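The values are calculated or read from the model by the stated rules, or taken from the named source; none is laboratory data. Predicted model, so just to flag it, every value in this text is computed and none were measured. FYI the Cβ positions are ideal-geometry reconstructions off the backbone, even for glycines, and counts take in every protein chain you see. Side chains included, ligands, DNA and RNA excluded: accessible areas come from the protein's heavy atoms. Shrake-Rupley method; radii C 1.70, N 1.55, O 1.52, S 1.80 Å.
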Amino acid sequence: MPERSPLDAGLGLLARREHSVAEMRGKLAARGYGAGEVEEALQALAARGLLSDARFADVFSRSRRERGQGPLKIRAQLMRRGVSAGLIDAALDGAEADWGLCASAARRKRFGGPPPADHSERARQARFLQGRGFSSGQVAQALLSDPQP
């Protein structure tokens, strides 16, 4: 049995970064705390406003968008972290991001210059953007019009 209480361990984890409830549950369980102790700690952290899936989704989506990732990839990552679909939608919609501009910025950062005229290079850049989680419409916008932010 660990020496620290699960609440203290949870506070320590939250001091480093935001966590989803599911992530916190898994990390506390991995540290050897019982299921009842973990649930009590999660409730206490949530009651104090320290643990919030909504805040986690907002922070996570903003950081990933700044890294040049698209909404499809961000959605999948949040789902893997146990965030509900409604909170994911709220975080992505609330970001007020123009995902086409984000795709263009990611393309320019990686490849530079104007969009390619060559079909094979355009296909290569499209695969890159799709791998980053941008939709086909966002990829088309980035490759055809390449609006400046």
The one condition GLY49 fails out of (1) loosely packed, with under 14 Cβ neighbours inside 10 Å; (2) in a helix (DSSP H, G or I); (3) free of Cβ contacts under 8 Å to residues at least 40 places away in the same chain is (2)
With respect to ALA35, determine if the residue is in contact with a helix residue (DSSP H, G or I) (Cβ under 8 Å, 6 or more places away or on another chain), without any contact (Cβ under 8 Å) to a residue 24 or more places away in the chain and open to solvent by 50 Å² or more (accessible area, probe 1.4 Å). yes
If you check every pair at least six apart or on different chains, which have Cβ atoms under 6 Å apart with a residue in the range 122-147 that is touching a residue at least 40 places away in the same chain (Cβ under 8 Å) first and a residue that is aromatic (Phe, Trp, Tyr) second? GLN138/TRP99
Might you check whether a residue that is surrounded by fewer than 13 Cβ atoms within 10 Å (Cβ to Cβ), at pLDDT 95 or above and in contact with a Lys or Arg (Cβ under 9 Å, 6 or more places away or on another chain) occurs anywhere in the range 115-131? yes
Subset of the range 2-29 (residues that are part of a helix (DSSP H, G or I) and open to solvent by 50 Å² or more (accessible area, probe 1.4 Å)): ASP8, LEU11, ALA15, ARG16, ARG25, LYS27, ALA29
